[in-house]
1. Restricting to the stretch 325-350, name every residue that is part of a helix (DSSP H, G or I) and either surrounded by 18 or more Cβ atoms within 10 Å (Cβ to Cβ) or in contact with an Asp or Glu (Cβ under 8 Å, 6 or more places away or on another chain) (or both).
2. Any residue in the stretch 134-153 that is part of a loop (DSSP other than H, G, I, E, B) sitting within a Cβ distance under 7 Å of a residue that is aliphatic (A, V, I, L, M)? List the pairs, counting only those 6 or more apart or interchain.
3. Being touching a Phe, Trp or Tyr at 6+ places or on another chain (Cβ under 8 Å), under 27 Å from PRO364 (Cβ atoms) and modelled with pLDDT of 90 or more is the filter here; which residues of the stretch 515-541 pass it?
4. When residues of the stretch 77-101 are filtered for being closer than 19 Å to ARG255 by Cα, out of contact with any Leu (no Cβ under 9 Å at 6 or more places or on another chain) and not charged (D, E, K, R), how many remain?
5. Mind listing whichever residues of the stretch 12-26 are surrounded by 13 or more Cβ atoms within 10 Å (Cβ to Cβ), out of contact with any strand residue (DSSP E or B) (no Cβ under 6 Å at 6 or more places or on another chain) and modelled with pLDDT of 95 or more?
6. Go through the stretch 36-65 and count every residue that is touching a helix residue (DSSP H, G or I) at 6+ places or on another chain (Cβ under 6 Å) and surrounded by fewer than 21 Cβ atoms within 10 Å (Cβ to Cβ).
7. In the stretch 357-389, what residues are over 27 Å from LEU311 (Cα atoms) and small (Gly, Ala, Ser)?
8. Determine whether LEU466 is assigned to a loop (DSSP other than H, G, I, E, B), touching a residue at least 12 places away in the same chain (Cβ under 8 Å) and touching a strand residue (DSSP E or B) at 6+ places or on another chain (Cβ under 9 Å).
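The values are calculated or read from the model by the stated rules, or taken from the named source; none is laboratory data. Since the structure is predicted, the reported quantities are computational estimates derived from the model, not experimental observations. Using ideal geometry, Cβ is built from the backbone for each residue, glycine included, and neighbour counts are taken over all protein chains shown.
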Amino acid sequence: MASGAIKDAQLNASSSWDRNHGAGRSRLHIVRASGKRGAWSARYNDRGQYLQVDFSKPIKLTKIDIQGREDANQWVTEYWVSYSLDGGIYRPLYTPKGNVKYFIGNRDRNTVVSSVLEEPIYPRFVRIHPSKWYQHISLRLEFHGCRNDFEIPKVLCASPLGMKSKAITDSRITASSTLNSNHSPQRARLDTVLQDSLKGAWSAKTNDMGQWLQIDMGRATKVTRIVTQGRSDANQWVKSYKIQFSQQDLFHDYREGRTFEGNKDTNTKYGHVLNPPIIARYVRVLPVTWHGHISMRMELFGCTEGEFKCLKAIGAQSGTLKDSQFFASSELSSSYRASNARLHLHTNRGRVGAWSPSRSDKNPWLEIDVGRIAKVTGISTQGQQDANYWVTSYALQYSLDGSSFTTFSVSRNPKIFEGNKDRSTVRSHALAMPILARYVRVRPMTWRGRIAMRVEIFGCTSGFPLPPVPECMAPLGLQRHIIKDNQMEASSVWSNTHGAANARLYFYPHDGRTGGWSSRKNDGAQWLQVDLGKQSKVTMI
């Protein structure tokens, strides 16, 4: 940049104040000269501005230097970086935890602030996106790295999924509406052009936010990128859009309804890396803003091999998991029992549409016994179907034996999952790393009104090596009622409501029974007896 090896033609920006503040003025240490100003300055002060550098071929980038404007008190105080190999799909630089990485900028006009990247990146195109600034968006830059003697890491799971190649057949491309048969959804394939009377894009019948284009990939697929184009034979394109996805009938908003930047002309391809990836059979693109008319072409990228195949509902909603496989730290009442915590359960026969713990429960949790060791890859949650209560964040724990539980963590930090924002919308998470477990616990952390939730666990119960289970450490059945009430006795009981059968782990008050066994007397002669039904080896209590 400072040496001039990168030419002005390789520098572009979202906007410039005028030609004297153009992208070519963004070189480190450049000064005002011959009417040209001492920095690139954006036309607008908003977070949509960026400066772009085309290195002509892929480079290895390791460090970025930034300065403010040489001839005015204007500078960028914080920024983020996106990069691309093809100029169409840009990927933000992320932290190890998966969040967009923000870099510290300047505090004055001339001091150079350097940021060394934690891991090198290998782009041809780099964009600097100011997120905070002083007075006005103005900056000068330099990049450090090398142009030779390195290998570009292979990008995994980024193959075209079949729009352009027609591997996705016409019958699997549908839309909310079509202007006429010449503008059909099948014209939405990337690089489609005018062909006789068939137009160069899909065009909706009406211009409103209720329109969508849907792709059916035929089976569960990991979608990692999306690229869009406008209409090849008319000045029409989608400027911004949202994405929804589904495995069956219910569509979910991607990234809580995030809006993606679309196209700015008819033919230039523009795309996004999807982080986290979408794992679904169906993907919908919903135009939000457009130029001229809602018209678009597109391609999806990803793969059909990998962990996402292990993403079947384990059986909470379907009933494959029986009521006896649901447990909780407590229940508000028998109407709010643990087995109500099934995704899409509706109130019925005195049962409300969710599980809720007792109001006095200081450490609430919901537990599902899958019945056998499973590979768990995802979870979905809802609030209470018949009232405005829901969990807004939660943690996950898991166990092989039902006794020793591990908290699900990312980078050694306990993962707090974002929960729901209303009573009915399903909120889903794919686990960053699958877990092997028979028992899964959901621990509510924050909630709206009171704790109330419905859940589904996703994964598979075969196709993976089984881990070693601690020898002779399985629960023998008090908590799970394998041991019946008549197998439990005591030296004495305070009353019929304090009986020996109340002495089950996590037993909670219900139907007039207290939350534990209580003896009639407090002395050293009291005892509780359990008949295990047959000779057993007991290793822990």
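1. GLN325, SER334, TYR336, ALA338, SER339, ASN340 - these are the residues of the stretch 325-350 that are part of a helix (DSSP H, G or I) and either surrounded by 18 or more Cβ atoms within 10 Å (Cβ to Cβ) or in contact with an Asp or Glu (Cβ under 8 Å, 6 or more places away or on another chain) (or both).
2. Every condition considered, the pairs that remain are ILE137/ALA42; ILE137/VAL76; ARG147/ILE59.
3. Going through the stretch 515-541, the residues touching a Phe, Trp or Tyr at 6+ places or on another chain (Cβ under 8 Å) turn out to be 515-516, 518-520, 528.
Pick out the ones that are also under 27 Å from PRO364 (Cβ atoms) and you get 515-516, 518, 528.
Passing the criteria: GLY516, SER518, LEU528.
4. Count: 8.
5. Of the residues in the stretch 12-26, the ones surrounded by 13 or more Cβ atoms within 10 Å (Cβ to Cβ) are 12-17, 20-26.
The next check asks that each one be out of contact with any strand residue (DSSP E or B) (no Cβ under 6 Å at 6 or more places or on another chain); those that pass are 14-16, 22.
Result: SER15, SER16, GLY22.
6. 2
7. If the condition is that a residue be over 27 Å from LEU311 (Cα atoms) and small (Gly, Ala, Ser), then SER358, SER360, ALA387 are the ones that fit.
8. Numbers: assigned to a loop (DSSP other than H, G, I, E, B): yes; touching a residue at least 12 places away in the same chain (Cβ under 8 Å): yes; touching a strand residue (DSSP E or B) at 6+ places or on another chain (Cβ under 9 Å): yes.
Against the criterion (assigned to a loop (DSSP other than H, G, I, E, B), touching a residue at least 12 places away in the same chain (Cβ under 8 Å) and touching a strand residue (DSSP E or B) at 6+ places or on another chain (Cβ under 9 Å)), LEU466 qualifies.
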